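Chemist: For reference, the structure I am asking about is given below.
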Amino acid sequence: MDDRAVGVFDSGIGGLTVVKEIMRILPNEDIVYFGDTARVPYGSKSTETITKFSFQNTRFLMSMNVKAIVVACNTASALSLESLQSEFNMPIIGVIEPGADMAVSATLNNRIGIIGTEGTIGSRAYERAIKKLKPEAELFAYPCPLFVPIVEEGWADTNVSMLIAQEYLKPLKGLNIDTLVMGCTHYPLLTKTVGEVMGDKVKLINPALATALKLKEILLNCGIENREKREANYKYYVSDNPERFLKVGERFLNTEIRKIIKVDIEKY
């Protein structure tokens, strides 16, 4: 048994959907979350820059004595995960491979849709991960950039989100997909809206849930899970604007955030 915390980092707030699933799947585990709110978004930056940021984020979490790290950012998972895994001697997982694995397990007709930010869709990371597992899969990827600001404004279940979802998802409606990957950490908050647009014959894949399940598997396999039944301790750190993080973050988690600490991530 290992009662050290699990570390999670994201470019901003969206990774809290992953944290929410970890809280549910692994209720005994302490969590240290870092949101790089000073340097968000990552999607428009170079691979070199994102890798530099990811190494700083990882070193910060390691300074907090975490036992495993979740890269709860699609862009960082796509572009820097392998470098992190080769450099640091601890379990480090991203959100793309677990999401791809869940999609492959869910599809019956091998026709899979993928939605995400322009950066994630442009990286083709989900497509590569799915093709690696199921080469015969037919994949249809579309960016939905307005979904992120809609969620952060608190408009996830409104007429605004419905109209935009209908427009974005229109091309996917005629492609006979049976599975849709919600390839951005913000998108789980749009599950109801996207589900209504796509219909009940399309299975929605939440990589945040898939990642929490994969983390549980890794902790068990490595013998570092915390089996003590107690109230878990959650700590939140950001690189800028803790007030906004608090306001939006509580909506993501659907629970109170008691304290947020601002850190100088450039020190790491």
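The values are calculated or read from the model by the stated rules, or taken from the named source; none is laboratory data. Remember, it's a predicted structure, so these values are computed and weren't measured experimentally. Here the Cβ positions follow ideal geometry from the backbone for every residue, glycine too, while neighbour counts run over all protein chains shown.
Chemist: Of the numbered conditions (1) buried (at least 16 other Cβ atoms within 10 Å of the Cβ); (2) under 14 Å from G183 (Cβ atoms), S161 fails exactly one; give the number of that condition.
Modeler: (2)
Chemist: Would you mind stating whether K20 is of a type outside the set (A, V, I, L, M, F, W, C), surrounded by fewer than 24 Cβ atoms within 10 Å (Cβ to Cβ) and out of contact with any helix residue (DSSP H, G or I) (no Cβ under 8 Å at 6 or more places or on another chain)?
Modeler: Values: of a type outside the set (A, V, I, L, M, F, W, C): yes; surrounded by fewer than 24 Cβ atoms within 10 Å (Cβ to Cβ): yes; out of contact with any helix residue (DSSP H, G or I) (no Cβ under 8 Å at 6 or more places or on another chain): no.
Against the criterion (of a type outside the set (A, V, I, L, M, F, W, C), surrounded by fewer than 24 Cβ atoms within 10 Å (Cβ to Cβ) and out of contact with any helix residue (DSSP H, G or I) (no Cβ under 8 Å at 6 or more places or on another chain)), K20 does not qualify.
Chemist: When region 170-201 is examined, which residues are found to be surrounded by fewer than 19 Cβ atoms within 10 Å (Cβ to Cβ) and either in a loop (DSSP other than H, G, I, E, B) or of a type in the set (K, R) (or both)?
Modeler: Those that are surrounded by fewer than 19 Cβ atoms within 10 Å (Cβ to Cβ) and either in a loop (DSSP other than H, G, I, E, B) or of a type in the set (K, R) (or both): K170, K173, G174, L175, N176, D178, K192, G199, D200, K201.
Chemist: Further, regarding this structure: Just one of (1) in the same structural domain as L61 (by TED's automatic domain parsing); (2) in a loop (DSSP other than H, G, I, E, B) trips up F252, so point out which.
Modeler: Looking at each condition in turn, F252 falls short on (2).
Chemist: Sort out which residues of region 256-268 are assigned to a loop (DSSP other than H, G, I, E, B) and surrounded by 12 or more Cβ atoms within 10 Å (Cβ to Cβ), and write them in order of number.
Modeler: Step one: filter region 256-268 for residues assigned to a loop (DSSP other than H, G, I, E, B), giving 256-259, 263-264, 268.
Those that are assigned to a loop (DSSP other than H, G, I, E, B) and surrounded by 12 or more Cβ atoms within 10 Å (Cβ to Cβ): I257, V263, Y268.
Chemist: Residue check, I112 against (1) surrounded by fewer than 24 Cβ atoms within 10 Å (Cβ to Cβ); (2) aliphatic (A, V, I, L, M); (3) at pLDDT 95 or above, all met but one. Which one?
Modeler: Result: I112 fails condition (1) only.
Chemist: Please specify each residue of region 100-141 satisfying the condition of being farther than 19 Å from N176 by Cα and assigned to a loop (DSSP other than H, G, I, E, B).
Modeler: T117, R124
Chemist: Among the residues of region 209-249, which ones are assigned to a loop (DSSP other than H, G, I, E, B), buried (at least 16 other Cβ atoms within 10 Å of the Cβ) and not hydrophobic (A, V, I, L, M, F, W, C)?
Modeler: E225, N226, S239, D240, N241
Chemist: How many residues are within 18 Å of the chain's Cα centre (by Cα) and either in a helix (DSSP H, G or I) or buried (at least 21 other Cβ atoms within 10 Å of the Cβ) (or both) if we restrict to region 48-92?
Modeler: Residues flagged as within 18 Å of the chain's Cα centre (by Cα) and either in a helix (DSSP H, G or I) or buried (at least 21 other Cβ atoms within 10 Å of the Cβ) (or both) within region 48-92 amount to 26.
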